[in-house]
Amino acid sequence: MRSPAVLAGALLAGLSLTAQTEPTRAPAAATPHVLIDTVGPDGWRSRFGPTNLGSMLESEQGRELWEPALAPYFAIWQELAGDDAGYSASRTRLLGYGGRIRMGLWFDSDRMRRASEPAAGIAVVLDGDGRADLDAIAADLRSMLYESVAGDWQTLDLDGEKLEVRVGSEMHVAAPIRTGDRLLLAASSEGDLGLALGRARALAAAATPELRPDSPAMRVQIDFAALLTAAIASEPERDRQLMRALGLDSVGTGTLTITTAGPRVQVEYAQQFTKAERGIFAALLPATSTIPSLLLAAGEGSWTAGHFDCHQLYETVMNALAASDPDADPRAEVREKAGLDPATDLFAHMTDEVLFWLPEDEDFGEELTRTPWTATFRLRDEEAFEQGLFAL
């Protein structure tokens, strides 16, 4: 029997899973920790085929990159199909499917506090695309479950409905369920499969934006607030103080979107925060909307202009050190050793505008002995900064 990891690999090789959801039985866990909304393989092909990436992957050199990586998964798939004819038909069905796939993943917050491997419930919905034979796809997926999840098929009563369930030692998975023009799948590593099935039904009933040819190929949302709240709560008090000082309790929902922009692939990531005090994230991602004026200073070579708040980074490090040792005064120790206050004598005279620049290297291909990159910050008061710098 194959492990659940092999099942995941086989499914992802043939299908791109997704989601968004809301349960029917557990109001306390209404929002999934991870939501994925994507399309089947043919949806990815139709979106990315016309792009530069699609042309590259379709070329002979491109195929040399991805075909060897996928070959083991296709071999497993062929083994599951039983014979060449069955494999060919299954591959045509699954790779030709282009409908919406939604998946919701929930972690058990109580178990997260006492185990390194939290239990998870999974709900998946595959929408019909107007062409696919969903019953045949359901049979393909059931065969994969049979070979990939060690266990036995049992008929269980879930919320008054008798369903086929693959009962394994690590996970219980319901056989694909046809409901209208959709397939539902539900799995749970805690045995509460009825809850996962209720979430899948709610997911199927949830309103979704119209799936259009220019819709994103994938959108992933992660509820970091819920996950990190549980993680912080599982730690000793001093560690909780340290994690809060670093700003981990300020992280909200993160959203990754993969789409196209003409012939190019566009990948966007947006991160929300739940409060103004963001610790290290305020240094890495300052709340600044202006374009850095240092952009004008970029010369030949590779460069990137952005924002980085050194002052906030310093304050975060000091707060973290104080949280780790309540009896220490890290700011006073730095002032004593440096002979100045970095916060007021250095960082207060800097803006968060930064330019990272790597000049063109005419010796490209030779052994790299040094990296002559520079980081340039725009200053508020050059004279005051210089005075503080040379006082060190």
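The table below lists the values:
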item: Computed log₁₀ I(q)/I(0) - Debye formula, equal Cα scatterers, no solvent, the stretch 248-329, q 0.13, 0.16, 0.24, 0.26 Å⁻¹; result: -0.64, -0.87, -1.17, -1.20
item: Where a label projected 7 Å from the Cα of Glu235 along Cα→Cβ would reach, residues of the stretch 323-352 with amide N under 16 Å; result: 323-326
item: Pair Asp83, Asp159: separation of 7 Å Cα→Cβ label points (nm); result: 4.0 nm
item: Bins of 10 Å, starting at 0 and running to the largest distance - Cα pair percent for the stretch 205-300; result: 13, 29, 28, 22, 8, 0
item: Convex hull (Cα only) mean projected area of the stretch 321-364, reported in nm² to one decimal; result: 6.2 nm²
item: Residues Val125, Val267, Val334, sorted so that the one with the fewest Cβ neighbours within 10 Å comes first; result: Val267, Val334, Val125
item: At R0 = 25 Å, FRET efficiency that the Cβ-Cβ distance of Ala384 and Lys275 yields, to 0.05; result: 0.20
item: Percentage, to the nearest whole number, of Cα pairs in the stretch 175-228 over 12 Å apart; result: 76 percent
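We did not get these values from a lab; they are worked out from the coordinates using the rules stated. Fair warning: this is a prediction, and the values are worked out from it, not measured in the lab. Heads up, the Cβs are rebuilt from the backbone with ideal geometry, glycines too, and the neighbour counts pull from every protein chain shown.
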